[in-house]
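Every read-out reported here was derived from the displayed coordinates using simple, explicitly stated rules and does not represent laboratory data. Everything quoted here is computed from the prediction, not taken from an experiment. Here the Cβ positions follow ideal geometry from the backbone for every residue, glycine too, while neighbour counts run over all protein chains shown.
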Amino acid sequence: MRKQLLVFTGILSLGTLSVSPALADNHTDSMESTSETEIILVDETSMEAGNIVEVASESESFNTLVQAVEAAELADTLSDSDSSYTLFAPTDEAFSQLPEGALEYLLEPENKEVLQRVLSYHVVPEEVASGDITGGDVESLDGGLVTEITEDGVIVNDANVITPDIEASNGIIHAVDKVLLPADLQSTLASELGVEESIFQ
């Protein structure tokens, strides 16, 4: 029987680090926990040995993300043991906040390339712990992200990192409370769904 591990992680309060760029190379631990706590259930064995996809699959918070990764045929990429990634992972609740019809549109086989772009926008091609994130521009696999450090924690674009530093064998996962979308994809989705672009903001 697999052991289950409850990961209790406070919302981080990070001071602005003096290093740059926004995702720094040195791994410091300048962070303080507040009383707020996120709970994500992850299989203990996967945390010790699993890759990013395996760890996400063992969590009860990333079911939609895993479904999307499989639909986009990105599982092999994010499972690659020869590479290292940081995944800003939207939770199921984050996906549920998308406008009506958006998730269904993205999961349609004919829209696989759009879904690949959406997911790639959440992936940085290096492993960076939350304590090494500074404010500034970050290059994902599909465009630039902007990170900000506040007294309440890390913000990526307009999404909050709610559970940081979920370890995997080929990188690290930071759970976020909103699906990240580059501006041009916001326009595309708004046009396809017949909604105002501002609904994604």
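For Asp152 and Leu107, FRET efficiency with R0 = 41 Å and r from the beta-carbon atoms, rounded to 0.05? It would help to have the intermediate numbers written out before the result.
Details: r = 32 Å, r/R0 = 0.79.
Computed FRET efficiency for Leu107 and Asp152: 0.80.
Count the net charge of all other residues whose Cβ sits under 15 Å from the Cβ of Glu110, scoring Lys and Arg as +1 and Asp and Glu as -1. Intermediate values should be presented prior to the final figure.
Numbers: positive: Lys112, Arg117; negative: Glu73, Glu104, Glu108, Glu113, Glu192.
Taking every Cβ under 15 Å from that of Glu110, the sum is -3.
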